[in-house]
1. Looking only at region 72-106, which residues are at pLDDT 85 or above and β-branched (V, I, T)?
2. Give me the pairs: first residue in region 1-25 and free of Cβ contacts under 8 Å to residues at least 40 places away in the same chain, second residue part of a helix (DSSP H, G or I), beta-carbon distance under 8 Å, and six or more apart or on different chains, which are they?
3. In this structure, is P103 without any contact (Cβ under 8 Å) to a residue 40 or more places away in the chain, surrounded by 18 or more Cβ atoms within 10 Å (Cβ to Cβ), outside any strand (DSSP E or B) and not basic (K, R)?
4. Test W181 against the stated conditions and say whether it is under 23 Å from R136 (Cα atoms), at pLDDT below 90 and crowded, with 16+ Cβ neighbours inside 10 Å.
5. Does region 239-267 hold any residues that are crowded, with 18+ Cβ neighbours inside 10 Å and assigned to a helix (DSSP H, G or I), and which are they?
6. Within region 242-286, track down each residue that is touching a Lys or Arg at 6+ places or on another chain (Cβ under 7 Å) and either farther than 20 Å from Y224 by Cα or among the charged types (D, E, K, R) (or both).
7. Looking only at residues in region 52-84 that are within 14 Å of C124 (Cα to Cα) and touching a Cys at 6+ places or on another chain (Cβ under 7 Å), which one is surrounded by the most Cβ atoms within 10 Å (Cβ to Cβ)?
Amino acid sequence: MDIFGYIELLIMAVMVLLTVSFYTIVERKCLSYAQSRKGPNKVVFLGLLQAVADGVKLLSKSMNEPFKSNFVYFTGAPMVMLGISLTCWYFLPGLGFKSAVGPILLVLCLFGVNVYCLIFSGWCSYSSYSMIGCVRAVAQSVSYEVCSFFSYCAQQLLEVTFFLGSSTSFFFSFLFIVILWMFVCMAETNRAPFDFAEGESELVSGFNVEYGSSLFTLIFLAEYGFILFLSSLTVSLFFPHSFYLMWSMVLSLVFIYSRGSLPRFRYDLLMMFSWKIILPLSIVVLMVGSIVVCI
């Protein structure tokens, strides 16, 4: 890769981080109006720079790590998490690659690597609370990664079926997979009604209980970067590309709407929903798609 390629990657990373900052403002505004109150409206005009002010406040705080923590893993896990979130954007079909199959498989692999970041971020603190929180978050992520792989395979088979012209119920089948995929995306990004990483703040704070200042900012940016990426990836897989930006914005607003309207699951219901409902349905759709393609 030449110097222009590195500059392009740097510009893309900066644009993603700026998008994340303004997306947080939109989320706080939408949630505030859903609760009949004003959102952030004091910083500059209508609170447009509230995210920048919050970022400066977090970065200006002193960074204190636990005395007995493993410093390398404690500081490295959030950095790798943000790096994975930014790297996924390079594999988005239409940006770094023209094909759709190879990059998305790499994205699924990167999501698997992100699980290790959750493990290290909870384990390296040597705190019982963060360890319990990371075990719950990792179990949730691993469960829905299996469903995401089968959902993606089913989407590819249905797309082949559509091009072969042998599917009469293509629209309804595709809509069914879109719904499954959106459930998986919400669970993968720890969003409502599957936001147990945030819901544990009612007790402690989940796997990131010992994090603060700049390291917490990196985790925060990585989480919202995954949300925006999955919104764009869903458009690449299931929606027409003529209104790519509009569909991406609509799907990112779905994450906000779910947080402001849907109640939180119990953790046992979350795992049961994955292994007993989402996974069998995705396998059935995959098998039906395989049979139709073979016929």
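1. Residues satisfying the conditions are V72, T75, V80, I84, T87.
2. From region 1-25, the pairs are S21/A51; S21/V52; S21/G55; F22/A51; I25/Q50; I25/A51.
3. yes
4. yes
5. Within region 239-267, W247, S248, L251, S252, F255, I256, R259 meet the criteria.
6. Scanning region 242-286 gives R259, Y267.
7. This residue is A77.
The values are calculated or read from the model by the stated rules, or taken from the named source; none is laboratory data. Please read all numbers here as calculations on a predicted model, not as lab measurements. Here the Cβ is made from the backbone with ideal geometry for all residues, glycine too, and neighbour counts use every protein chain on show.
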